[in-house]
Amino acid sequence: MPKRLLNPPTLSRSTYSHAAAVEGGTLVVTAGQVAFDVNGKVVGVGDITAQTHQVYKNLREALRAAGADFADVIKVTTYVTEPANLGIARDVRMGYFPFPEQPASTGLVVSRLAHPDLLIEVEAMAFVDRR
């Protein structure tokens, strides 16, 4: 199996995987997925739900450019500027990752992002089996 999402028995109550093992393919790494539209303007100023949707639309395009999609994602790191936004971002993410096995995931609260109107930033790693 080229990609294995792992959830150790001691952590089996989690809704996401804690580790992923990959072999025989291509690792795709994305960073800096934020709520900018194609014109470089922030989508959804002050609206974490709108910004999260834009982030995942942008992430989808980045993954596609590398020959991957959401089913190939093995790790997601989410940065938000407000603690309450982690749960909202997770709920929106589930719409883009409707899979029984979720990628390994880390959520972080930061004081600010690169642009003052940004509420969320996501980076992801994907594995594409080339065999």
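The values are calculated or read from the model by the stated rules, or taken from the named source; none is laboratory data. On a predicted model such as this, the values are computed, not experimentally measured, just so you know. Cβ coordinates were reconstructed from backbone atoms using ideal geometry, including for glycine residues, and neighbour counts include every protein chain displayed.
Residue pairs whose Cβ atoms lie under 6 Å apart, separated by 6 or more positions or on different chains, with the first residue in segment 50-65 and touching a residue at least 12 places away in the same chain (Cβ under 8 Å) and under 17 Å from VAL28 (Cβ atoms) and the second surrounded by fewer than 22 Cβ atoms within 10 Å (Cβ to Cβ) and among the acidic types (Asp, Glu), are LEU63/ASP69.
Could you check segment 28-42 and list, in sequence order, the residues that are closer than 16 Å to GLU61 by Cα and surrounded by 12 or more Cβ atoms within 10 Å (Cβ to Cβ)? The answer is VAL28, THR30, GLY32, GLN33, VAL34, ALA35, PHE36, ASP37. Could we say that LEU108 is in contact with a strand residue (DSSP E or B) (Cβ under 6 Å, 6 or more places away or on another chain) and over 27 Å from GLY25 (Cα atoms) here? Spelling it out, LEU108 is indeed in contact with a strand residue (DSSP E or B) (Cβ under 6 Å, 6 or more places away or on another chain) and over 27 Å from GLY25 (Cα atoms).
Being in a loop (DSSP other than H, G, I, E, B) and among the β-branched types (Val, Ile, Thr) is the filter; apply it to segment 36-65 and report the residue that is nearest to the chain's Cα centre (by Cα). Once the filter is applied, the top-ranked residue is VAL43. Looking across segment 29-55, the residues that are of a type in the set (A, V, I, L, M, F, W, C) and at pLDDT 95 or above come down to VAL34, ALA35, PHE36, VAL42, VAL43, VAL45, ILE48, ALA50, VAL55. With respect to (1) surrounded by 18 or more Cβ atoms within 10 Å (Cβ to Cβ); (2) at pLDDT 95 or above; (3) out of contact with any strand residue (DSSP E or B) (no Cβ under 6 Å at 6 or more places or on another chain); (4) within 18 Å of VAL128 (Cα to Cα), the lone exception for ARG60 is condition (1).
Restricted to segment 91-118, and to residues there that are aliphatic (A, V, I, L, M) and not in a loop (DSSP other than H, G, I, E, B), the residue that is surrounded by the fewest Cβ atoms within 10 Å (Cβ to Cβ) is LEU108.
Among the residues of segment 119-130, just one is closer than 26 Å to GLU82 by Cβ and part of a loop (DSSP other than H, G, I, E, B), namely LEU119. Looking across segment 80-110, the residues that are among the hydroxyl-bearing types (Ser, Thr, Tyr) and under 10 Å from the mean Cα position of the chain (by Cα) come down to TYR96, SER105, THR106.
Could you please let me know if ILE88 is at pLDDT 95 or above and surrounded by 12 or more Cβ atoms within 10 Å (Cβ to Cβ)? So ILE88 fits the description; yes.
For segment 66-90, the candidate set comprises residues that are touching a helix residue (DSSP H, G or I) at 6+ places or on another chain (Cβ under 9 Å) and part of a strand (DSSP E or B); within that set, the residue that is farthest from THR26 (Cα to Cα) is VAL80.
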